[in-house]
């Protein structure tokens, strides 16, 4: 899916709200392009022969890219004005090439009211699974603009 | 690991035979603990300032269509001063890149000794202790402000902690937590990152005879830390979309009750629809944690190794009106009665599982001072915080 065009208002979020699922095909192009975009040149992220030599079954996604996709998953839902303040992830099985990762999530907590910056804090719980199990589980904290507060 | 420095993930160490269950000496423990709080080594500056071309590579690779990363007008409309960098790109700015990766690889191939920074030395010391394999387990990033083109980051690392030996799904290991502090061109802290790895003794040593190396890699398998080596973990709750909030709340020390968003009726255990008005809309309220014992059972048999016996399981009626099943502690044997006032505390059974445990509430008539007696099994117990969580 693509990103929500205008930002979700803090008041419109409720604990338990589900985020739209994000399905990420783990093509070699994606694994390699994301590794290189994060300036990570370790061979296990781009060279299948060396990856197997080192005991992996194939090339696999690097951690920075997992962070990037978790961030994208949350801002796709929030819209452009969602400000991420924390991304806390726990790593599980690798994202090997030719697999698919599906990101799901829901709102796990919400501030009672917006702060002085005209934004309110929302916490989202995230899980990314592939055919081997959980690749990533974690929590993302973001600030969403309030309808009532003046600053946007 | 690929944290920051690039190319340092593989230690290339060889496996050593040895009992995975052997206990480390006090001297070894002390030598390890001496690294806690020590700078990991000299920091370094990002090779380039935050810039749009690198952002473009990143968002295209991630498939991220958020316009605030490339379009000034869209960024201003969304409340930013102009283009901002994707927050999760934090570490990319300080990666050293291919040139350094090649140099490190060449040095390793030539058999050069590894570096002498505290980070290098603590890793070498863990290798010496037989903790030769490594897996990344956690990465926690906190962003204090959005980064904008022109920002020039610097990073410094601190070795925060080295855990005692833990039995995990991968073998006995120690968690090593490093913190990276990111500052901008004015010396202001703009982000922090905690990166935790598990250095472990593999359960089934591989490559002992055939000369092959067991290469550490990122994210091999989810390690499962246990409270005490050899002791099984408590069963995990089956998390669903409906009940997840409850267990996430207990991890923060909050007892949450599901509430119908339309008619306000409270319900527990969590379920999708309101029994009073059939609405699917719900939110949560935080319980005071006070209540009374509605019913209870003391379980003696059969005994499951993850629990301590006799095991008192109570149906507690909260003062908000809902009831929940939970463990009770702090009552002397035989003193537990129906109607006893209790109050929730939160007990961390392992790194993942924190559950409410109810204890006597109020004064003297029952067990006067639970703190004066060992808990069920000596786990850390924290009283319920009096105030809502603040970030």
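Any read-out appearing in this document is the output of simple, stated calculations on the displayed coordinates, not a laboratory observation. The structure presented is a predicted model; accordingly, all values stated were derived computationally and were not measured. Don't worry about glycine lacking a Cβ; one is built from the backbone with ideal geometry, like all the others, and counts go over all protein chains shown.
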Distance (nanometres) between label positions extended 7 Å along Cα→Cβ at residue A:117 and residue B:70: 2.6
Whole-number percent relative contact order across chain A, with pairs defined as alpha carbons under 8 Å at least 6 apart: 31
Cβ-based exposure ranking for A:122, B:162, B:325, B:342, in which fewest neighbours within 10 Å come first: B:325, B:162, A:122, B:342
Relative pair counts by distance (%), Cα atoms of the range A:10-145, 10 Å bins: 13, 40, 28, 14, 5, 0
Packing-based exposure ordering (other Cβ within 10 Å, fewest first) of B:44, A:135, B:186, A:46: B:186, B:44, A:46, A:135
Cα long-axis angle, helix A:63-78 against chain A (0 to 90 degrees, to the nearest 10): 30
Extension gain, residue A:134 back to residue A:49 (0.36 nm per residue minus Cα-Cα distance, nm): 28.1 nm
Ranked B:139, B:274, B:263, criterion: other C-beta atoms within 10 Å, fewest first: B:263, B:274, B:139
Crossing angle, helix A:28-37 versus chain A [Cα axis fit, 0-90 degrees, rounded to tens]: 70
Other protein chain Cβ atoms within 10 Å, averaged over every residue that makes up A:57-67: 5
The range B:78-138: C-alpha pair distances exceeding 18 Å, %: 63
Averaged over B:83-92, number of beta-carbon atoms from partner chains that fall within 10 Å: 6
Label-zone membership for the range B:293-318, site residue B:337, 7 angstrom Cα→C-beta point, backbone N under 16 Å: B:293-296
